[in-house]
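J.: Pasting in a structure now, in structure tokens, and then I'll have a few things to ask.
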Amino acid sequence: MAILNPQAEELNRIIKTHSPTVYELLSKKGKAIYFPKKGILAQGQAAKDKEINATIGTACEDNGTPMVLNSVARHIDLPTKDIFPYAPSEGLKPLRDKWKQLIMGKNPSLGTKEFSLPVVTCGVTHALSMVGYMFADETDEIIMADLYWENYDLVFTRAYGAELKFFNFFKNQRFDIDSFRKTVNAKPTGKKIVLLNFPNNPSGYTPTKEAAKDIIAALTDAAEAGNKLAVILDDSYFGLDFEDGIFAESFFSQIAHTHENLLAIKLDGITKEEFAWGFRVGFVTYGTKGGGTELYKALEDKTAGAVRGNISNAPNISQSLLLNAIQSETHAKEKERNKAVLKERYLKVKETLKNHKEYDKYFEALPFNSGYFMCVALKNVDTDKVWDILLKKYSTGVICYSEKNLLRIAFSSTPLQKIEALFHNIYSACKDCVV
Ligand SMILES: Cc1ncc(COP(=O)(O)O)c(C=O)c1O
């Protein structure tokens, strides 16, 4: 790699001074990246209110407003200045402030403890990729549950060369804490990257409060033993908790302030939380015990630099629409309504499985209590064959995980009145498979 730019060196110095752990956790790319202080964007920002601004590469009318096409602009009910110009690489400041406020509101145990401002990314996938950029080297392993969102493989292994290392997710229908503890405490002691995704894709599982305590204790013990851990929290499905007794806050609320050797990295987005899948807005937020403004600003600058070098910036239109939406009076009620619809479907799945004990012969559900999905583990039938029969004979599509003998069912996208038929079709396809 080329020699470090002095601006990267300065950020590294700040990070090392305030947290040797975070410095050690940075990848080679993470150490090399910086947000150019005197780059085009920064110079454009400096000239923003000047009488003559001949800096940035956008087109303006003579009166300074963005030069746009009305055939585009007329579809959007917001001022063109909030839609057409570039957004900053780190995201719109009012949106970052508001999202931080929302994180605090949704995670009361954060209290008034410090953590970074969220940096805006182009969806959670891009947030994952930027965290890979910042922290994952080819020699690193990313510890995660053996049931995981398939795209982690492309993001971490194919793009950054890191290896996925799995702990066993469930044992006797519970979170397998022994496997988790063993994996995060494995020798050699040193840098470790852990990824937790709750509510989980594909299982729809969120730990109970008890299991959450055990998970946090296992991470704290690993930190105490001298490991330095970057704990990535993929909170894509945050807020969709359907049972009492589960840990409904983000693990960020605990891990961000537990131990100096733990860096919590919260990834979330409007994709599922705000029911806006195609808008492509995600966030990366950092927290570590003893972290303060200077450390967080350095991490934000590096992350913004990685965004700048990757996609330059996330869509202004999506950020502006979201900012307006979350300030609207009806927003909270609208979210409650959508969550209630999903919860009703979740309860219907539970009821259907309870009412049909005959299904046990061919499949049983993995633990689920939240999110969009649930999984059934098939017994003594060929998963690919069941999947194929479901499509061809029963006009039913589900996701098949052949190597695990699982089917993933998105109850989030299945109308309530079709849920019973969906499970009956799976049962019938299994029966067809054995004749
Ligand atoms: C666990 C998990 N993480 C991340 C993502 C990606 O989210 P986005 O669409 O915001 O990139 C998904 C989407 O399916 C997901 O299930």
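The values are calculated or read from the model by the stated rules, or taken from the named source; none is laboratory data. Every value quoted in this text rests on a predicted model; they were computed, and no experiment measured them. Counting neighbours? That spans all protein chains shown, and the Cβs are built from the backbone with ideal geometry, glycine included. Remember, those area values only see protein heavy atoms, side chains included, never the ligands or the DNA or RNA. Shrake-Rupley method; radii C 1.70, N 1.55, O 1.52, S 1.80 Å.
J.: Name the residues of the stretch 184-228 whose amide N is less than 18 Å from a point 7 angstrom out from the Cα of Glu403 along the C-beta direction?
T.: 195, 201-203
J.: For the stretch 150-261, calculate the relative contact order in percent as a whole number, restricting contacts to Cα pairs under 8 Å that are 6 or more residues apart.
T.: Worked out over the stretch 150-261, it gives 26 percent.
J.: With θ taken as phi - 60° and the coefficients 6.51, -1.76 and 1.60, list the Karplus ³J(HN,Hα) couplings across the stretch 227-238 in order, rounded to whole Hz; mark glycine and proline as x.
T.: For the stretch 227-238, the Karplus curve yields 6, 10, 10, 8, 10, 8, 10, 7, 9, 3, 9, 3 Hz.
J.: Treating the angle as unsigned and between 0 and 90°, give the value, to the nearest 10°, between the Cα long axis of helix 419-434 and the longest Cα principal axis of the chain.
T.: The answer is roughly 60 degrees.
J.: Excluding Lys393 itself, calculate the net charge of residues whose Cβ lies under 13 Å from the Cβ of Lys393, where each Lys or Arg counts +1 and each Asp or Glu counts -1.
T.: +1
J.: I've got another one for you. Lys335: accessible area at probe 1.4 Å, nearest 10 Å²?
T.: Lys335 exposes around 50 Å² with every protein chain in place.
J.: Ok, one more. What is the percent carbon and sulfur in the accessible area of the chain, measuring with a 1.4 Å probe over the protein chains and ignoring ligands?
T.: Of all accessible area on the chain, carbon and sulfur atoms account for 52 percent.
J.: Using +1 on the beta carbon of Lys and Arg, -1 on that of Asp and Glu, and nothing else charged, what's the dipole of the stretch 230-335 about the Cα centre, debye to 20?
T.: With only Lys, Arg, Asp and Glu charged at Cβ, the dipole is about 460 debye.
J.: Please compute the length gained on full extension between Lys393 and Asn185, using 0.36 nm multiplied by the number of residues separating them and subtracting their Cα-Cα distance.
T.: The Lys393-Asn185 span can extend by a further 70.1 nm.
J.: Cα-Cα pairs above 22 Å in the stretch 1-124: how many percent?
T.: Tail of P(r) above 22 Å: 58 percent of Cα pairs.
J.: For Lys191, enumerate residues with amide H under 5 Å from its amide H, sequence gap 5+ or separate chain, H modeled in the peptide plane.
T.: Long-range HN contacts for Lys191: Lys228.
J.: At 25 °C and 0.890 mPa s, what whole-number value in µm²/s does Stokes-Einstein give for the translational diffusion of the chain, with Rh from the Kirkwood sum over Cα pairs?
T.: In µm²/s, the coefficient is 105.
J.: Just subtract the alpha-carbon distance of Ile56 and Lys343 from 0.36 nm times their residue separation and send over the number in nm, one decimal.
T.: Here the segment from Ile56 to Lys343 would lengthen by 98.6 nm.
J.: I'd like the antiparallel share, as a percent to the nearest 5, of DSSP beta bridges with both residues in the chain.
T.: 55
J.: OK, next. Can you give the helix-only mean residue ellipticity at 222 nm for the chain, where every DSSP H stretch with n ≥ 4 adds -39500 (n - 2.57) and the sum goes over all residues, rounded to the nearest 500 deg cm²/dmol?
T.: -12000 deg cm²/dmol
J.: Where the only charges are on Cβ atoms (+1 Lys, Arg; -1 Asp, Glu), what is the dipole of the stretch 134-191 about its Cα centre, to the nearest 20 debye?
T.: 340
J.: Here's a follow-up. Excluding ligands and nucleic acids, what accessible area in Å² is computed for Lys357 using a 1.4 Å probe, to the nearest 10?
T.: 130
J.: Asp360 versus Ala276, label points 7 Å from Cα toward the beta carbon: distance in nm?
T.: Using points 7 Å along Cα→Cβ, the separation is 4.6 nm.
J.: Taking the chain as the reference, fit the longest principal axis to its C-alpha atoms, fit the long axis of helix 383-394 to the helix C-alpha atoms, and give the angle between the two in degrees, 0 to 90, nearest 10.
T.: Between the helix axis and the principal axis of the chain, the angle is about 80 degrees.
J.: A further question on this structure: Springs between alpha-carbon pairs under 10 angstrom, Gaussian network model over the chain: which of Leu41, Leu154, Leu366 fluctuates most?
T.: Largest GNM mean-square fluctuation: Leu154.
J.: Using a 1.4 angstrom probe on the protein heavy atoms only, line up Lys228, Lys385 by accessible area, largest first.
T.: Lys385, Lys228
J.: Need the C-alpha centroid separation for the stretch 241-285 versus the stretch 90-117, integer Å.
T.: Spelled out, the Cα-based centre of one part sits 11 Å from the other.
J.: Compute the FRET efficiency between Thr352 and Val434 as 1/(1 + (r/R0)^6), taking r as their Cβ-Cβ distance and R0 = 30 Å, and round to the nearest 0.05.
T.: That gives a FRET efficiency of 0.90.
J.: Which residue, Leu391, Leu117, Leu263, has the most motion in a Gaussian network model of the chain that connects Cα atoms within less than 10 Å?
T.: Leu391
J.: Keeping every protein chain in place, order Arg74, Arg408 by accessible area at 1.4 Å, biggest value first, i.e. largest first.
T.: Order by accessible area, largest first: Arg74, Arg408.
J.: Could you give the size of the charge dipole of the chain about its Cα centre, using +1 on the Cβ of each K and R and -1 on the Cβ of each D and E, expressed in debye and rounded to the nearest 20?
T.: For the chain, the charge dipole is close to 100 debye.
J.: Once fully extended, how much extra length lies between Lys113 and Asp137, figured as 0.36 nm per residue of separation less the alpha-carbon to alpha-carbon distance?
T.: Contour length minus Cα-Cα distance gives 5.6 nm.
J.: Which of Gly132, Pro88, Pro108 sits closest to the plus end of the dipole of the stretch 69-224, meaning its Cα is farthest towards the positive end, when Lys and Arg get +1 and Asp and Glu get -1 on the C-beta?
T.: Ranked along the dipole, the leading option is Pro108.
J.: Now for a separate question. So what J values fall out for the stretch 215-226 if you push phi through Karplus, 6.51 cos²θ - 1.76 cosθ + 1.60 with θ = phi - 60°, rounded to Hz, Gly and Pro as x?
T.: Each residue of the stretch 215-226 in turn: 4, 5, 5, 5, 5, 5, 4, 4, 5, 4, 6, x Hz.
J.: Measuring from centroid to centroid over Cα atoms, what is the spacing of the stretch 317-369 and the stretch 413-435 in Å?
T.: Each part reduced to its Cα centre gives a spacing of 20 Å.
J.: Hey, another quick one. Give me the accessible area of Ile255, 1.4 Å probe, in Å² rounded to the nearest 10.
T.: 0
J.: Further question: Could you calculate the FRET efficiency of Glu224 with Arg174 from 1/(1 + (r/R0)^6), where r is the beta carbon distance between them and R0 is 25 Å, rounded to 0.05?
T.: About 0.50, to the nearest 0.05.
J.: Build a GNM of the chain with springs between Cα atoms under 10 Å: which of Tyr401, Tyr133, Tyr205 gets the top mean-square fluctuation?
T.: Tyr401
J.: Please work out the average accessible area per residue across the stretch 285-402, using the 1.4 Å probe convention, and give it in Å².
T.: That works out to 48 Å² per residue.
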